[in-house]
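Structure, as structure tokens:
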Amino acid sequence: MLRILLTNDDGIDAQGLHVLEAAVAGLGEIHVVAPLTEQSGTSRAITLRRPLRYETRGVRRYAVEGTPADTVMMAISQILGFQPDLAISGINSGPNLGENIYYSGTVAAAAEAAKYGVPAIALSVNARSDIDYLATAEFGARLAAKVIEDGLPAGVALNVNVPHPWDGGIEITRQSRRISRSVMIETADPHGRPYYWMHEEVPLADAEPGTDYAAIRDGHISITPIRFDHTEEALLEPLKRSVVASLLQTR
Ligand code: MN
């Protein structure tokens, strides 16, 4: 029997998680271990200065009082007591595209699972309100079956974004560089003091062909294979020649 871990960053009560649970139920034994509260934008933070706790929320359902990374660590090393055959993080309310994936708790949970050698999928829908999760969940289930069949290299995950609505197209993409621009919106509180709300502008016309943003803009599902080894291979040899050589000489 295949054992599948479902998690997210929107919290155990999020609708996207519930719809995904129903869609993947036929694929194997489903284990839900998700953060107790919403953890969007927490990236791969871990909790070091306070204790971690979890509570049982039904049959094979657990809520961890921590970040998405805490949650996956707790799931694999403590709660489940085994390594699942697949992990899916989502369905996130809102996209995880381009350089925004560095801030994403959804992607971080998949990264954490990949660290343990578990094939992992981060699944997001490109909508933030009035979301119909069904098409995303059903696609996620079909993709999950495929990933279980084919496997994924260690340390790699699939970052999947589904447009809302979806026109049926699917693209294998690369991560966009620098499409969205973060801006601070200034407003005043009742005492006249300024406060700021983070907002982003997304000039989609600038999206390069073949990238995640371009696929979503065109109504297609974007599937980006992502790895978590940040080494810039192309600089290893040049740095050995220049930096190491010159620092050794001048010591
Ligand atoms: Mn989220």
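May I ask you to derive the relative contact order of the range 17-91, considering only C-alpha pairs under 8 Å and at least 6 residues apart, and to give it as an integer percent?
The value is 32 percent.
For the residue pair Ile170 and Glu233, what label-to-label distance in nm results when each label sits 7 Å from Cα along the Cα-to-beta-carbon direction?
Spacing of the two 7 Å Cα→Cβ label points: 2.6 nm.
Which whole-angstrom value gives the distance between the alpha carbon centres of the range 1-71 and the range 100-166?
With the range 1-71 and the range 100-166 each reduced to a Cα centre, they are spaced 14 Å.
Can you tell me how the range 1-103 classifies by the Cα gyration tensor, rounded, prolate or oblate, using a/c under 1.5 as the rounded cut?
Oblate, since a/c reaches 1.5 and b/c is not below a/b.
Going by average Cβ density within 10 Å per residue, which order do the peptides 30-43, 144-157 take, highest to lowest?
30-43, 144-157
Ordered by residue, what ³J(HN,Hα) values in Hz, to whole numbers, does the range 119-134 give under the Karplus form 6.51 cos²θ - 1.76 cosθ + 1.60, where θ = phi - 60° and Gly and Pro are x?
The phi angles translate into x, 9, 10, 9, 10, 9, 10, 7, 7, 10, 8, 6, 8, 9, 7, 4 Hz.
Shape verdict for the range 101-224, please, from the Cα gyration tensor: rounded (a/c under 1.5), prolate (a/b greater than b/c) or oblate.
Cα axes put the range 101-224 in the prolate bin.
How much accessible surface area, in Å² rounded to 10, belongs to the heavy atoms of Arg61 with a 1.4 Å probe?
30
Could you work out the relative contact order of the chain? I mean the mean sequence separation of Cα pairs under 8 Å and 6+ apart, divided by the number of residues, in percent.
That works out to 17 percent.
So, R0 is 51 Å and r is the distance between the beta-carbons of Glu99 and Val59; what FRET efficiency does that work out to, to 0.05?
The pair Glu99/Val59 has a calculated efficiency of 0.85.
Can you list residues whose amide H is under 5 Å from Ala127's amide H, if they're 5+ apart or on another chain and H is modeled 1.01 Å from N?
Gly94
Among rounded, prolate and oblate, which fits the chain when a ≥ b ≥ c are the square roots of the eigenvalues of its C-alpha gyration tensor, a/c under 1.5 means rounded, and a/b larger than b/c means prolate?
Rounded, since a/c falls under 1.5.
Would you list Asp206, Asp212, Asp189 from the most to the least accessible area, probe 1.4 Å?
If we order Asp206, Asp212, Asp189 from most to least accessible, we get Asp206, Asp189, Asp212.
So who's got an amide H within less than 5 Å of the one on Ala120, skipping anything under 5 residues away but keeping other chains? H placed 1.01 Å off N, in plane.
Ala87, Leu158
List, in order, the whole-Hz ³J(HN,Hα) value for each residue of the range 229-236 obtained from phi through the Karplus relation with A = 6.51, B = -1.76, C = 1.60 and θ = phi - 60°; use x for Gly and Pro.
Using θ = phi - 60°, the values come out as 8, 8, 4, 8, 4, 5, 9, 4 Hz.
Return the calculated 222 nm mean residue ellipticity for the chain, to the nearest 500 deg cm²/dmol, obtained by summing -39500 (n - 2.57) across DSSP H runs with n ≥ 4 and dividing by the residue count.
-7000 deg cm²/dmol
Once you have the Cα-Cα distance between Ser129 and His18, take 0.36 nm times their residue separation minus that, and quote the gain in nm to one decimal.
Between Ser129 and His18, full extension yields 38.3 nm more.
Amide H of Tyr62: which non-local residues (sequence gap of 5 or more, or other chain) have their own amide H closer than 5 Å, using H built in the peptide plane?
So Tyr62 has HN proximity to Val32, Val33, Ala34, Arg57.
The values are calculated or read from the model by the stated rules, or taken from the named source; none is laboratory data. Everything quoted here is computed from the prediction, not taken from an experiment. No Cβ is skipped: glycine too gets one built from the backbone with ideal geometry, and neighbour counts run over all protein chains shown. All accessible areas refer to the heavy atoms of the entire protein, side chains included, with ligands and DNA or RNA removed. Shrake-Rupley method; radii C 1.70, N 1.55, O 1.52, S 1.80 Å.
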